[in-house]
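The values are calculated or read from the model by the stated rules, or taken from the named source; none is laboratory data. Being a predicted model, the structure only gives us computed values, none of them experimental. Cβ placement follows ideal geometry from the backbone for every residue including glycine, while neighbour counts extend to all protein chains displayed. What goes into the accessible areas is simple: the full protein's heavy atoms, side chains included, and nothing from ligands, DNA or RNA. Shrake-Rupley method; radii C 1.70, N 1.55, O 1.52, S 1.80 Å.
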Amino acid sequence: MNTSSPASRKSHRKPSEEVERRARELREEIETHNYYYYVLDAPRIPDAEYDRLMRELQELERRYPELITPDSPTQRVGAAPVEAFGTVRHELPMLSLDNAFSEEEVRDFHRRVTEQLGVRHVDYAAEPKLDGLAVSLRYEEGRLVQGATRGDGYTGEDVTQNVRTIAAIPLRLRGRGHPRVLEVRGEVYMPLSGFRELNRRQSRRGEKTFANPRNAAAGSLRQLDPRITAQRPLSFFCHGVGVVAGGRLPGRHSEILAQLREWGLRIPEHLRVVRDAEGCLAYYEEMGRLRPRLDYEIDGVVYKVDRLSQQEQLGYVSRAPRWAIAHKFPAQEELTRVLAIDVQVGRTGALTPVARLEPVYVGGVTVTSATLHNEDEVRRKDVRVGDTVIVRRAGDVIPEVVAVVGERRPPGTCPFRMPRKCPVCGSDVVRAPGEAIARCSGGLFCPAQRKEAIKHFASRRAMDIEGLGDKLVEQLVDKGLVRDVADLYMLTEDQLADLERMGRKSAANLVAALEKSKSTTLARFLYALGIREVGEATARALASHFGNLEALMEADEAELEAVPDVGPVVAAHIRAFFRQRHNRQVIQRLRRLGVHWTEQQRSPGVPLPLAGKIYVLTGALQAMTRDEAKDRLEALGARVSNSVSRRTDCVVVGADPGSKYRKALELNIPTLDEQGFLELLHRFEGRNRA
């Protein structure tokens, strides 16, 4: 007997050509209406007619599942839940922007731009700065294949299934002429109207409401069940591009955004090209007036040099471009009361007074604490326990106490006094002449500093010890297994396997990661030590100038100040660090335990062999990762760029190279295969290891 149901029998019938044609027409018509509704903000049909078209397509796909395509409008309902997000490494880092808070800072930015470009006038693309969640969308052959969060700028979370549920994000680009690979970058946000409705719905259900639209957007996009994301009123604006391969884009940022709009992507409303600082400031004033009428939160505006050729000429500094800046709106302020003043001890031993506050809603979040910066600042403002104070929060900046409302001060309050002993380890608190910051003298022995010093030492841009997360560091220190960073290399599998949430396999992986981290560069090692004000750029400059650690450790302050970007303050910090006997002992132990790098045997100040050279990496290398190759080139003095130009000196070509290789050939720029690259490293690095 045939037991199949009518529905199942229907699903095996092949659709007719007429049905297939109708399904195609419906998909195209619905996506066209999505474009007019979400991108052009000019709907052509009523919502009821749109719903009718969608229901007709859903019915056809229900009857004939083979008609369903990955980019069908019906597929935005969300896939099955996942257990955890995967990670996505950004081929081009998603950098943050420097901030300006005043007219003077904007004018200074414009002055730096014109001076470096050698021009009198500059065009800027000006756009609102959305308070949302930064994401990247990767399109291949016009189809959306991946969505990722910004994360730390280098690695984000794979949220592909979730971004597919956002109607403002096209699953397939419109039109023709788009590159084979196009990475679009922008902000996922929640409109204010949608946020208010979501909170009303949450409240009616007795569920937790969201503090602000940004938190609601971030929480919605990071749902492990995409079906929940599909129910949230999320939207998207794009503000730029990342990786582009197999195609060309216009030469101006504003023109690129206009092209993206034609391909079906939403771009910021009120985008405008303005000239010079005056144009930027006029745009800022205009957006400030429009801000209350917008259906999304903005916390400022962004100015970007419009010409891409000028952007390339300006380049980057640290983790931000020189060609763009965010001009923030004035901070939001509220009144509250100081319940207590605690003193926190930071990674470098800095003691920071923190005001504990009666909870107050300011700047879109509930604030319960605010920084008081340092002892002088507390005394200047005369902040006391029991005072009523003005609290300010600007964007994502840490809340701060602006001023005390003197007439509301209760009787019997006492002035604040910085403790003479570290509240964590009991060591003496010292304050160097001319400095505002008081510090614990316990160094690496202070538990507060010890944990943060180890976390910093293990971080990705330092020693890059994979698997050594914050929770594990807490356990290692609390159980007395690690007292300083050198103790990390004494850990055994047995010790690690006994820790909470650690098994034999995880322990073995961490031991292997520790062993792998022993091979590093001098610049990474210097950054990992956590010397005050020695960031990645300064660490590279020190390694490049001195070539080896011994020369650096013995350098006096005058010799240190000869290094580019090292002034008297930084030189004093470096000299003070290496004068400490316990710091030298830790370094000696690290080296005895196998931490090593290539030493350059040369006199300080003698240029490195690749100084002034610009290298570009493309394709996959077999002998090392892209980061390792970059580190080794930088250790030899080279600058590693993400793009090929006429100023490029050499392109290192691995397996399956991309458009950078083709451009190098077009420009007749020298190239090296992996074997040639390894020979170059061997020739210049030598065999001297620390």
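When the helices of the chain are scored as -39500 (n - 2.57) per DSSP H run of n ≥ 4 and the total is divided over every residue, the value at 222 nm lands at -10500 deg cm²/dmol. Converting the Cα gyration tensor eigenvalues of the chain into ellipsoid dimensions via √(5λ) gives semi-axes, longest first, of 46, 35, 29 Å. Just the protein heavy atoms count here, and of the accessible area of the chain at 1.4 Å, carbon and sulfur take up 47 percent. Computed on the Cα atoms alone, the convex hull of segment 536-690 gives a volume of 116 cubic angstrom per residue.
Each Cα pair under 8 Å and six or more residues apart adds its separation to the average, and for segment 214-313 the resulting relative contact order is 25 percent. How would you classify segment 291-373 from its alpha-carbon gyration tensor, with a ≥ b ≥ c the square roots of the eigenvalues: rounded for a/c under 1.5, else prolate if a/b is greater than b/c, otherwise oblate? Oblate is the answer for segment 291-373, as a/c is 1.5 or above yet b/c matches or exceeds a/b.
Along the axis of the charge dipole computed for segment 397-477 (Cβ charges of +1 for Lys and Arg, -1 for Asp and Glu, origin at the Cα centre), the listed residues 440, 414, 425 are led at the positive end by 414.
Remark: segment 271-367 carries 45 Å² of accessible area per residue (probe radius 1.4 Å; ligands, DNA and RNA excluded). Residues in segment 44-178 average 50 Å² of solvent-accessible surface per residue, probe 1.4 Å, ligands and nucleic acids excluded. As a length-normalised measure over Cα pairs under 8 Å and 6 or more apart, the relative contact order of the chain settles at 9 percent. Each Lys or Arg adds one and each Asp or Glu takes one away; over the other residues whose Cβ falls under 9 Å from the Cβ of residue 332, this sums to 0.
Taking max minus min of the alpha-carbon positions on each principal axis, segment 62-205 gives extents of 65, 45, 29 Å, largest first. Ranking of 44, 646 by solvent-accessible surface, largest first: 646, 44 (1.4 Å probe, protein heavy atoms only, all chains present). Let a ≥ b ≥ c be the square roots of the eigenvalues of the Cα gyration tensor of segment 536-624; is it rounded (a/c under 1.5), or, if not, prolate (a/b larger than b/c) or oblate? Oblate is the answer for segment 536-624, as a/c is 1.5 or above yet b/c matches or exceeds a/b. Ordered from largest to smallest accessible area (heavy atoms of protein chains, 1.4 Å probe), the residues 158, 494 come out as 494, 158. Among the listed pairs 518/630; 129/613; 421/516; 208/505, give every one whose C-alpha distance is greater than 28 Å. Exceeds cut-off: 129/613; 421/516; 208/505. Its relative contact order, with pairs defined as Cα atoms under 8 Å and 6+ residues apart, puts segment 328-369 at 36 percent.
The solvent-accessible area of residue 489, taken with every protein chain present and a 1.4 Å probe, is close to 30 Å².
Looking at the square roots a ≥ b ≥ c of the eigenvalues of the Cα gyration tensor of segment 172-307, which shape do they give, rounded for a/c under 1.5, prolate if a/b is larger than b/c, or oblate? It is oblate, given that a/c is not under 1.5 and a/b is not larger than b/c. In a simple Cβ point-charge model (Lys, Arg +1; Asp, Glu -1; nothing else charged), the chain has a dipole of about 860 debye relative to its Cα centre. Accessible area per residue for segment 546-690 is 52 Å², calculated with a 1.4 Å probe on protein heavy atoms, without ligands, DNA or RNA.
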